[in-house]
1. Being modelled with pLDDT under 95, in a strand (DSSP E or B) and open to solvent by less than 60 Å² (accessible area, probe 1.4 Å) is the requirement here; does G145 meet it?
2. Can you pull out every residue in region 152-197 that is at positive phi and not in a strand (DSSP E or B)?
3. Here are some conditions: (1) aliphatic (A, V, I, L, M); (2) under 30 Å from E149 (Cβ atoms); (3) crowded, with 21+ Cβ neighbours inside 10 Å. A212 meets all but one. Which one does it not meet?
4. Looking only at region 108-125, decide whether some residue is open to solvent by 40 Å² or more (accessible area, probe 1.4 Å) and at pLDDT 90 or above.
5. Quickly run through region 218-268 and pick out the residues that are under 30 Å from N152 (Cα atoms), open to solvent by less than 30 Å² (accessible area, probe 1.4 Å) and assigned to a strand (DSSP E or B).
6. Can you tell me which residue in region 19-44 is modelled with the highest pLDDT, limited to those that are open to solvent by 50 Å² or more (accessible area, probe 1.4 Å) and either charged (D, E, K, R) or assigned to a strand (DSSP E or B) (or both)?
Amino acid sequence: MTKLNSYFVLFISFILFSCSSDNENIGDSSNFSTPLNLGNYWTYDVESQGNITRDSLFVDSETTINNNTYKIFKTRDDVATGFYSSALRNNKVRENNGKLLLTGDLAIAANQTLPITLDLTLNDFIIFDKNASNNQALNANPRTGTINETINSYPLSINYSLQTFGGENFTTFTSPDGTVYSDVKSTKIKLNVNITTEITVLGATQTITALAPQDVLIATLYIANGIGVVYTNTVTTYSISSFIANELSVPETDTQTQDEFLDTYSVN
């Protein structure tokens with residue numbers, strides 16, 4: 001795999017979900033709880049591109065910032081391979097009026113590195129709202145940024161935008177592993193990316209689009225009442241112009257899927 005191909009796959013795959021279900025129902029959100037007590041833990045089987053790993057996520061401690069109490073999440077041996085566990089690892093989460101707000105750095109999976117520095121530092125970024133309607137944007141403003149990189153002599157300007165959206169509600173939900181859960185709500189995390197580059201033709205510099213604005217990552221988390229996240233599906237994909245693909249020696253398209261299945265848990 002070329003450096004640039006690796007760049008696209010890793011960048012799209014780890015910054016930072018679509019499954020079967022039964023009986024969709026809007027329902028009453030007043031009694032829906034997302035347990036954040038100290039000592040709570042969840043283990044997940046992670047399936048990604050034919051590989052199976054295991055994550056252990058737990059509420060380790062708490063801290064107070066500006067009179068707000070946050071729970072600090074950790075993973076066993078500080079390792080996480082799944083998108084969800086990676087997103088919470090070493091970060092702070094608090095609940096406010098049915099919303100879960102995340103503060104920290106949206107990490108990538110352990111043992112993976114990016115050839116760029118991506119700033120996804122978040123401050124009270126809403127990742128779930130039990131009262132949100134389907135496709136409702138949860139944050140007043142998305143987390144945006146720009147990265148400038150030169151790869152294979154091509155200057156790349158990468159503009160990205162991270163936003164979360166309300167999802168569907170289910171009276172019963174069947175995970176792809178066959179486990180059935182009651183009273184489940186989903187939330188979506190989307191990373192939208194646009195990449196442009198410059199080429200020189202007969203002495204004239206032109207700006208061309210390498211990657212048209214598109215959601216390169218869509219992660220859907222399914223959260224069960226009184227349990228927490230029971231299933232996560234993450235799809236990363238991109239499609240670039242054939243000209244750019246040929247010039248940079250990368251595939252025109254690539255798609256990867258990752259599934260995280262809840263195995264064991266303890267909540268109080």
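1. Yes, satisfied.
2. N152, S153, G178
3. (3)
4. Checking region 108-125: at least one residue is open to solvent by 40 Å² or more (accessible area, probe 1.4 Å) and at pLDDT 90 or above.
5. Of everything in region 218-268, those that are under 30 Å from N152 (Cα atoms), open to solvent by less than 30 Å² (accessible area, probe 1.4 Å) and assigned to a strand (DSSP E or B) turn out to be T234, T236, Y238, Q258.
6. Per the criteria, the residue is Y41.
The values are calculated or read from the model by the stated rules, or taken from the named source; none is laboratory data. What you see is a predicted model; the values in this text were computed from it and never measured. Cβ coordinates were reconstructed from backbone atoms using ideal geometry, including for glycine residues, and neighbour counts include every protein chain displayed. Accessible surface areas use protein heavy atoms only, side chains included; no ligands, DNA or RNA. Shrake-Rupley method; radii C 1.70, N 1.55, O 1.52, S 1.80 Å.
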